[in-house]
Amino acid sequence: KVRDDLYRYLRSKGYEDAFLKDSGLVTIEERGTRDKFYNRVMFPIMDVNSRVVGFGGRVLGDGEPKYLNSPETALFDKSRNLYGLNYARTSRERHMFLCEGYMDVIAMQQAGFTNAVASLGTAFTERHAILLKRYTDQVILTFDSDGAGVKAALRAIPMLREAGLSARVLDMRPCKDPDEFMKTLGPEEFKKRAEHARNSF
């Protein structure tokens with residue numbers, strides 16, 4: 001299997017090793033060069049103005065890590081971006097849904113909920129909360145219903161409050177995440193649950 005097709009293609013276009021290393025697309029080591037996102041489904045990460053600034057990649061088949069993100073670069077700062085914000089900011093809804101991952105945002109977009117965002121393979125931070133505050137006053141958390149999701153929600157709530165946002169929590173049970181929820185119970189039930197989402201307190 002050829003693991004450096006992208007590297008060789010970009011070199012043929014005149015890009016130097018130092019630049020390619022800084023781009024976060026390839027790994028250049030003494031023992032050789034390989035494409036960082038080899039054998040992965042790619043998710044372009046866009047900034048608020050819909051410019052591609054990085055990538056997320058989900059492994060095909062078995063492999064670790066399951067998700068791999070671009071490292072931080074001159075263009076890509078994880079704490080200044082939220083996945084899907086370029087779409088969510090133009091939504092007519094007053095609130096935004098905060099999800100855990102790309103697939104949740106995509107599932108929600110497909111179900112008609114264009115006001116969904118997720119942090120980029122990193123924990124939600126104060127800077128993310130401040131960023132959200134520019135576009136909304138209300139956030140509904142749609143994190144996974146497992147232990148890790150509950151823990152992540154409990155971390156995010158004080159940060160949202162601190163930034164002046166009201167935070168509510170959507171009951172995902174018996175489903176694990178928004179993706180599964182849409183497939184199992186459907187968008188209408190999701191909308192109902194959102195209307196009755198409980199105050200985070």
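The table below gives the values:
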read-out: Mean projection area, nm², convex hull over Cα of the stretch 1-93; value: 7.8 nm²
read-out: The stretch 143-158 and the stretch 1-32: distance between their alpha carbon centers, rounded to Å; value: 38 Å
read-out: Estimated vicinal HN-Hα couplings, Hz - the stretch 38-53 in sequence order (Karplus 6.51, -1.76, 1.60; Gly, Pro = x); value: 4, 6, 10, 7, 9, 10, x, 9, 10, 7, 5, 9, 6, 9, 5, 10
read-out: Dipole magnitude (debye, nearest 20) for the chain, charges at Cβ of Lys, Arg, Asp, Glu; value: 300 debye
read-out: Pairs from LYS13/LYS133; LYS21/LYS151; LYS78/LYS151; LYS66/LYS183 whose Cα-Cα separation, in the structure shown, is over 31 Å; value: LYS13/LYS133; LYS21/LYS151
read-out: Residues of the chain: accessible area per residue with a 1.4 Å probe, Å²; value: 58 Å²
read-out: Relative contact order for the stretch 76-191, counting Cα pairs under 8 Å that sit 6 or more residues apart, in percent; value: 27 percent
read-out: Whole-Hz ³J(HN,Hα) from phi, Karplus 6.51 cos²θ - 1.76 cosθ + 1.60, for the stretch 62-69, glycine and proline x; value: 8, x, 10, x, 4, 10, 10, 10
read-out: Antiparallel bridge percentage (DSSP; both residues within the stretch 19-141; nearest 5); value: 70 percent
read-out: Given charges at Cβ of Lys, Arg, Asp, Glu: the chain dipole, positive-most of ASN81, GLY112, VAL59; value: GLY112
read-out: The stretch 1-139, relative contact order [Cα under 8 Å, separation at least 6], %; value: 18 percent
read-out: Cross-link reach list, aspartates and glutamates versus LYS36, counting only Cα pairs under 13 Å and skipping chain neighbours closer than eight places; value: ASP4, ASP5, ASP22, GLU64
read-out: Given 12 as the ceiling on other Cβ atoms within 10 Å, longest exposed-site-free region of the chain for trypsin sites (Lys or Arg not before Pro) in DSSP loops; value: 135-201
read-out: Given (i) 73, 33, 23; (ii) 55, 33, 28; (iii) 65, 33, 27, the label whose value is Cα extents along the principal axes in Å derived from this model; value: (ii)
read-out: Exposure ranking of VAL117, VAL48 by accessible area [1.4 Å probe, largest first]; value: VAL48, VAL117
read-out: Percent carbon-and-sulfur accessible area, the chain, ignoring ligands, DNA and RNA, probe 1.4 Å; value: 50 percent
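The values are calculated or read from the model by the stated rules, or taken from the named source; none is laboratory data. Nothing here was measured: the structure is a model prediction, and the numbers come from that model. With ideal geometry, Cβ positions are generated from the backbone for all residues, glycine too; neighbour counts draw on all protein chains shown. Calculation scope for accessible area: heavy atoms of the full protein, side chains included, ligands and nucleic acids excluded. Shrake-Rupley method; radii C 1.70, N 1.55, O 1.52, S 1.80 Å.
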